[in-house]
Amino acid sequence: MTKKTFIACLLAGLLSACATAPRQDNGAAVEERTRGAGADGRGRDAATSYGAGSDSPGGLSALTDPQSPLALRTIYFAYDSSEIQPQFQEVIEAHSAYLLAHPQVTAVLEGHADERGSREYNLALGERRAQMVKRLIALLGVPNTQLRTSSYGEERPVADGHNEAAWRQNRRVEILY
């Protein structure tokens with residue numbers, strides 16, 4: 001066997017060992033989340049809930065029911081600000097109530113920024129935004145053990161334009177379960 005053939009076989013074996021299949025944890029539904037061609041056409045899927053059971057008639061979870069206030073999972077921010085605007089207070093209160101009623105569920109608060117500013121500044125701004133939402137949810141009684149934050153800065157825009165309309169959509173915190 002030549003050296004090139006051996007390396008090719010070794011790489012093929014390693015790559016096939018990296019594939020994983022979706023798991024089932026104690027009967028709770030677990031959805032695989034990939035970054036392939038997703039629901040929005042740019043490789044991102046809509047917010048997905050993991051392990052949250054059915055808590056409304058008809059088999060719909062409060063997280064998946066489009067009529068539920070929990071269907072709103074994005075908090076938008078003004079330019080260069082981490083201050084939560086009053087119109088998002090009700091959304092945050094609904095998510096806090098859900099988390100209080102489901103202590104086994106955790107939420108990830110992903111902070112984002114628009115493309116203006118340096119990469120480092122936007123990562124810090126995304127983190128401040130996520131921390132502000134976390135702080136408000138915690139003030140409403142949710143333990144910190146149910147909340148995680150992360151910041152992507154400008155790295156995961158939902159709108160690709162270079163104008164105010166696109167920037168407005170990218171200044172956000174997404175609540176993921």
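So here's what we get for this one:
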| item | result |
| --- | --- |
| Residue that is nearest to residue 95 (Cα to Cα), among those in region 157-177 that are open to solvent by 60 Å² or more (accessible area, probe 1.4 Å) and in contact with a strand residue (DSSP E or B) (Cβ under 8 Å, 6 or more places away or on another chain) | 169 |
| Restricting region 69-81 to residues that are under 20 Å from residue 158 (Cβ atoms) and open to solvent by 60 Å² or more (accessible area, probe 1.4 Å), the residue that is nearest to the chain's Cα centre (by Cα) | 72 |
| Selection from region 100-132 of residues that are basic (Lys, Arg) and part of a helix (DSSP H, G or I) | 119, 128, 129 |
| Test for residue 84: is it over 17 Å from the mean Cα position of the chain (by Cα), closer than 22 Å to residue 158 by Cβ and either surrounded by 16 or more Cβ atoms within 10 Å (Cβ to Cβ) or β-branched (Val, Ile, Thr) (or both) | yes |
| Residue that is surrounded by the fewest Cβ atoms within 10 Å (Cβ to Cβ) [pool: residues in region 112-134 that are more than 13 Å from residue 80 (Cα to Cα) and more than 17 Å from the chain's Cα centre (by Cα)] | 120 |
| Meets criteria (over 30 Å from residue 122 (Cα atoms), surrounded by 15 or more Cβ atoms within 10 Å (Cβ to Cβ), at pLDDT below 95 and not basic (Lys, Arg)) for residue 62 | yes |
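The values are calculated or read from the model by the stated rules, or taken from the named source; none is laboratory data. Since this is a predicted model, take the numbers as computed values, not measurements. Note: ideal-geometry Cβ built from the backbone for every residue, glycine included; neighbour counts use all protein chains shown. Ligands, DNA and RNA are excluded from the accessible area calculation, which covers all protein heavy atoms including side chains. Shrake-Rupley method; radii C 1.70, N 1.55, O 1.52, S 1.80 Å.
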